[in-house]
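Written below as C-alpha cells is the structure these notes are about.
The values are calculated or read from the model by the stated rules, or taken from the named source; none is laboratory data. Note that the structure is a prediction, hence the values are computed from the model and not measured. Note that each Cβ is placed from the backbone with ideal geometry, even for glycine, and that neighbours are counted across all protein chains shown. For accessibility, only protein heavy atoms count, side chains too; no ligands or nucleic acids. Shrake-Rupley method; radii C 1.70, N 1.55, O 1.52, S 1.80 Å.
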Amino acid sequence: MKHRVWSGALALALIAGQVHADPAKLGSTPAPVVTVKGRSVQDVQNAIVAMMLPAGKTPVRQDQNVMVYEFPLSFWQSIGVQMVQGNSGWQEPKGRLTFTMAQLGSDVMVSNKFETVATNMFNASNSLEITNPVVYNENYLGLQLVAAFAEGRVVPGDHNALGIQAYEKPTRKTRKVGAVIETLVPGAPAEQAGLRPGDIITHIGGVPLAEQSPAAIQLLGYLQIGEAKLQVLNKGEVVVHKRPAPNAPPVAEATAATPSPATPIMPTAAGSAATTPAQEGGQGWWQKQKQGD
C-alpha cells in the first residue's frame, strides 16, 4: 500500500482553486515549531530521513543543523508559481522544504518552512515562502510525525496507516463537513472497522476535518497510535484498530511489560522497537497534545 507522504502534497496550496478556505488551524504561530524530547539533532535527522525516504526523497543539502529537500512541481503548479513570482521568465520552479534544528539541553527544537524556488535565464534564483494556513497545518503535522519517529512513539511503516487509500475531491458542501472516503485498501483496518466508500469522516482523534487538506487528513490518521477514533456521519464513533508494528511483541507480553502511568517510558531511537497499543492505552496523538505532551 502506498502511503502518500505529506511533503509532495504541500505544493497543492500554490494555485487557485486548490487552497481550502480558512482551514481549522492546529496552532497559531507563523512558523511551525515542535520540541523533540530527550533526543539529539542526529536522532531528529534520522527521523526526517525515515519519513521522507519512503516517497523516494533524499536531501539535496544536509548540514549539522539543516536538512533541505527539493521536488518538482506539476505543470499547473509551476504556472501558479510563475504567476505568484510575477515574472514568466522564471524557469523550472521547484518546491523546497527546509528543516532547521537546534539542541536545547536534552531536547531538540525543530522547525520547517516550505518555499517555491525558480531560476531565470541569467541563473538568478528567486524563492517565495508559502505561509497560508493549509501549508501551516501540513508542516506542523509533519513535524509532529518527525517527533513521533525520533522519540520512538511511532515506527515508520504502513502499519500506521488507517487503510484509506484516497479521499474524494471535496465539493463546496462536503468541504465544510469532513472528508469523503473514495477508496479503501481491501482488508485493511478501516474496512475491517466497517468503513465504506462514500462515508464522511468529520473528526479523527477529536480533530475536525472540515476545511483540512488531504495531506493533513492523511497525517492525522497516521499519528493516531494503536487505534484511531473516528467520527463518521450517520455512523457515530468508529474505532479503527491498526495493525501491530513489524516485530512487535505479542499483545499479552506487551501488556505485562507496560509500566504504570507514573513510570516514564524511556524513548527509543527512531526505527527501533515500536511503542505498542497497550503502552498508549489507545490514546491518540491529539489527546496527548491536549494534555501537554
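Looking only at residues that are among the aromatic types (Phe, Trp, Tyr) and in a strand (DSSP E or B) in segment 97-147, which one is modelled with the highest pLDDT?
So the residue we want is Phe99.
Any idea how many residues of segment 162-182 are open to solvent by 50 Å² or more (accessible area, probe 1.4 Å) and polar (S, T, N, Q)?
Taking segment 162-182 as the starting set, the residues that turn out to be open to solvent by 50 Å² or more (accessible area, probe 1.4 Å) are 165, 168-169, 171-173, 175-177, 182.
Filter once more, keeping what is polar (S, T, N, Q): 165, 171.
So the count comes out to 2.
Among the residues that make up segment 182-190, is at least one of them free of Cβ contacts under 8 Å to residues at least 40 places away in the same chain and at positive phi?
Just the residues of segment 182-190 that are free of Cβ contacts under 8 Å to residues at least 40 places away in the same chain, to begin with: 182-184, 186-187.
Retained after the next criterion (residues that are at positive phi): 187.
Yes.
When residues of segment 31-44 are filtered for being part of a helix (DSSP H, G or I) and open to solvent by less than 10 Å² (accessible area, probe 1.4 Å), how many remain?
1
Find the strands (runs of 3 or more DSSP E) located wholly in segment 170-249 whose residues include 1 or more that are within 19 Å of Asn137 (Cβ to Cβ), and list them.
179-184, 200-204, 227-232
Could you check, for segment 55-72, whether at least one of its residues is at pLDDT below 75, surrounded by fewer than 19 Cβ atoms within 10 Å (Cβ to Cβ) and polar (S, T, N, Q)? Break it down into steps so the answer makes sense when it comes.
The initial filter retains those residues of segment 55-72 that are at pLDDT below 75, namely none.
No, segment 55-72 contains no residue that is at pLDDT below 75, surrounded by fewer than 19 Cβ atoms within 10 Å (Cβ to Cβ) and polar (S, T, N, Q).
Which one is least open to solvent (accessible area, probe 1.4 Å) among residues in segment 223-245 that are touching a residue at least 60 places away in the same chain (Cβ under 8 Å) and small (Gly, Ala, Ser)?
Among them, the one singled out is Ala228.
Which residues, counting only those in segment 146-205, are within 19 Å of Glu227 (Cα to Cα) and basic (Lys, Arg)?
Within segment 146-205, Arg153, Arg196 qualify.
When only residues in segment 223-234 that are of a type outside the set (A, V, I, L, M) and in contact with a Ser or Thr (Cβ under 9 Å, 6 or more places away or on another chain) count, which is modelled with the highest pLDDT?
In this case the residue turns out to be Gln231.
State which residue is least open to solvent (accessible area, probe 1.4 Å) when the search covers only segment 190-222 and only residues that are at pLDDT below 95 and closer than 10 Å to Ile164 by Cα.
Once the filter is applied, the top-ranked residue is Gly221.
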